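The values are calculated or read from the model by the stated rules, or taken from the named source; none is laboratory data. Not measured: the values here are computed from a predicted model. Cβ coordinates were reconstructed from backbone atoms using ideal geometry, including for glycine residues, and neighbour counts include every protein chain displayed. Remember, those area values only see protein heavy atoms, side chains included, never the ligands or the DNA or RNA. Shrake-Rupley method; radii C 1.70, N 1.55, O 1.52, S 1.80 Å.
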Amino acid sequence: MSLVLQNSMTGKKEAFSPLDAEQVTMYVCGPTVYNYIHIGNGRSAVVYDLLFRTLQQLYPKVVYARNFTDVDDKINAAAAAQGVDISVITERFISAYDEDMVALGNLVPTIVPKATEHISEIITTINTLIERGHAYAAEGHALFAVDSLADYGKLSKRNTDDMIAGARVDIANYKRNPMDFVLWKPSIDDQPGWPSPWGRGRPGWHIECTAMIHKHLGETIDIHGGGTDLLFPHHENELAQGVCCTDQPGAYARYWVHNAMLDIEGEKMSKSLGNFIVLRDLLAQQPHELVRVALLSAHYRSNMNWSEQLLHQSRSLLDRLYTIKRDSAELGSAPIADLMALPFMQMLLDDLNTPKAFAVLHELTNRFFKTDDLGERAQLKAEIFAITDFLNIAQLDADTWFQGQTAEGDISAEQVEALIAARQTAKKQRDFAGADAIRAQLADRGVLINDTREGTLWSRES
Ligand SMILES: [Zn+2]
């Protein structure tokens, strides 16, 4: 029983075998904190949370690091526009990001390093690259010399022309080769900066990840993750820096994992098309675990199409799970002895095949609804909720799920309870016309009621 992952370096699915099975290491490039994240960023975070949870089932210790890029030209521009220090901007959006991650149901990574807290490690790494002949100083900059690494481009598998186009390189006269990229750049007086051997300045983007990986996880990590949009130039450059400051060619990251992008109703998401979805706006409108289920439903290597239909399907799965939760309250359930042996988990072990895994979960719910055998129901219940606990979905009380999905203009839960109480009183007084009128009034507001021995249950129409 082992995990298989598609490795972007080899272009193949490979059996995952960590360098040290006692401590698996994973690094994922995190956000540049100058605004709220969009739903595509949310997808990436949920994908690596699932990978983290899967690794935790297989290995005793998994160290997962995800950084915050908290110095960057976009942050500087936002701070300058508002006349505040960059820390005002970065602290605000780090808090917002953390809140979004909690709402999505993600675990907190083991280590959450920030670029500005690693300036000395960054300078040391650049110095090492210069000493080894892989970088040079010029006009207040430090630059990586791509000609010094024979197989530069091997991760993204691009030829030089593609790389020049993809990197949108600045032709600058201080660069020896137009593809050389910035490790350190000078800051003018009102820009954030730190003293360095090359003058007061700030780090380039790529170098922070390499310096933080080496500090926290070691020279070679097991898994490096991120979106396909980071493959070039960011990951290619991280790799170049990583291998050139150690004596181990081929080191740095053993498995490169890349998640695909997200489209909206079949179109690329962009501000100009007016279809840009900020994650927290979505989370304000939809149940949080509905967003989580939807983001997990596509295979992480496939472009995801975010659509009304996807939300509808995800809601339908959660409705089924909560119906089972509500209807099986008195059923005993045997604990699942070996989570990893479940067919659901076997699908995840195959390169996180969530579409197949969710199909298995769906089939389990079908079987639950079809059978009257209490023993079989109890067993299915145990299997279903072992899976949902692992995924961190269907964690609410069933009534909270069915009653809590309020949209603007919906009748509140308190109003529903008050009307149900009034209906009970009417029934006791044998005012059946009055009781029926209240039922009709609730139905008009999208609330269905069901009289049971335990009392009147209600739910909102979905
Ligand atoms: Zn990175």
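I411 is checked against (1) outside any helix (DSSP H, G or I); (2) over 26 Å from L331 (Cα atoms); (3) assigned by TED's automatic domain parsing to the domain that holds A334 and fails just one. What number does that condition carry?
Failed condition: (3).
So which residues in the range 201-218 are more than 9 Å from the ligand (Cβ to nearest atom), in a helix (DSSP H, G or I) and within 18 Å of D180 (Cβ to Cβ)? Break it down into steps so the answer makes sense when it comes.
Step one: filter the range 201-218 for residues more than 9 Å from the ligand (Cβ to nearest atom), giving 201-204, 207, 211, 214-218.
If we keep only those that are in a helix (DSSP H, G or I) too, we end up with 207, 211, 214-216.
The answer is I207, and nothing else.
Do we find that I221 is of a type in the set (A, V, I, L, M) and away from the ligand (no atom under 16 Å from the Cβ) in this structure?
No; evaluated as a whole, the condition is false for this residue.
Would you pick out the residues in the range 351-363 that are of a type in the set (A, V, I, L, M) and either more than 28 Å from the chain's Cα centre (by Cα) or assigned to a helix (DSSP H, G or I) (or both)?
A357, A359, V360, L361
Can you tell me which residue within the range 227-237, out of those that are touching a strand residue (DSSP E or B) at 6+ places or on another chain (Cβ under 6 Å) and open to solvent by less than 10 Å² (accessible area, probe 1.4 Å), is nearest to the ligand (Cβ to nearest atom)?
N237
Only one residue in D151, D162, D189 is assigned to a loop (DSSP other than H, G, I, E, B), within 21 Å of M9 (Cα to Cα) and away from the ligand (no atom under 16 Å from the Cβ). Which one? Outline the logic, then answer.
On the way: D162 fails: assigned to a loop (DSSP other than H, G, I, E, B); D189 fails: within 21 Å of M9 (Cα to Cα).
Only one candidate passes the filter, namely D151.
Mind listing just one residue for me: the one in the range 414-461 that is of a type in the set (K, R) and not in a helix (DSSP H, G or I) and, of those, surrounded by the fewest Cβ atoms within 10 Å (Cβ to Cβ)?
Restricting to residues being of a type in the set (K, R) and not in a helix (DSSP H, G or I), the top hit is R453.
Would you be able to tell me the number of residues in the range 180-198 that are open to solvent by less than 10 Å² (accessible area, probe 1.4 Å) and not acidic (D, E)?
2
Restricting the range 63-122 to residues that are open to solvent by less than 20 Å² (accessible area, probe 1.4 Å) and of a type in the set (D, E, K, R), which is farthest from the ligand (Cβ to nearest atom)?
Step by step, filter the range 63-122, then rank; the result is D100.
Restricting to the range 1-43, and then to whatever is of a type in the set (D, E, K, R) and under 21 Å from D222 (Cα atoms), can you tell me which residue is least open to solvent (accessible area, probe 1.4 Å)? Let's see the steps before the verdict.
Taking the range 1-43 first, the residues of a type in the set (D, E, K, R) are 12-14, 20, 22, 43.
Okay, now just the ones that are also under 21 Å from D222 (Cα atoms), so 12-14, 20, 22.
On the way: K12: 131, K13: 103, E14: 47, D20: 72, E22: 124 Å².
Selected residue: E14.
List pairs: first in the range 114-129 and without any contact (Cβ under 8 Å) to a residue 60 or more places away in the chain, second assigned to a strand (DSSP E or B) and open to solvent by less than 40 Å² (accessible area, probe 1.4 Å), Cβ under 6 Å, 6+ apart or cross-chain?
What qualifies is K114/F68.
Given L58, L50, which one is open to solvent by less than 10 Å² (accessible area, probe 1.4 Å) and either in the same structural domain as S17 (by TED's automatic domain parsing) or within 16 Å of the ligand (Cβ to nearest atom) (or both)?
Working: L58 fails: open to solvent by less than 10 Å² (accessible area, probe 1.4 Å).
Just one listed residue meets the conditions, L50.
Could you list all residues from the range 199-216 that are among the hydrophobic types (A, V, I, L, M, F, W, C) and either crowded, with 22+ Cβ neighbours inside 10 Å or outside the structural domain of I75 (by TED's automatic domain parsing) (or both)?
I207, C209, A211, M212, I213
What is the number of the single condition among (1) more than 16 Å from the ligand (Cβ to nearest atom); (2) open to solvent by less than 50 Å² (accessible area, probe 1.4 Å); (3) without any contact (Cβ under 8 Å) to a residue 24 or more places away in the chain that N177 does not meet?
Checking N177 against (1) more than 16 Å from the ligand (Cβ to nearest atom); (2) open to solvent by less than 50 Å² (accessible area, probe 1.4 Å); (3) without any contact (Cβ under 8 Å) to a residue 24 or more places away in the chain, the one that fails is (3).
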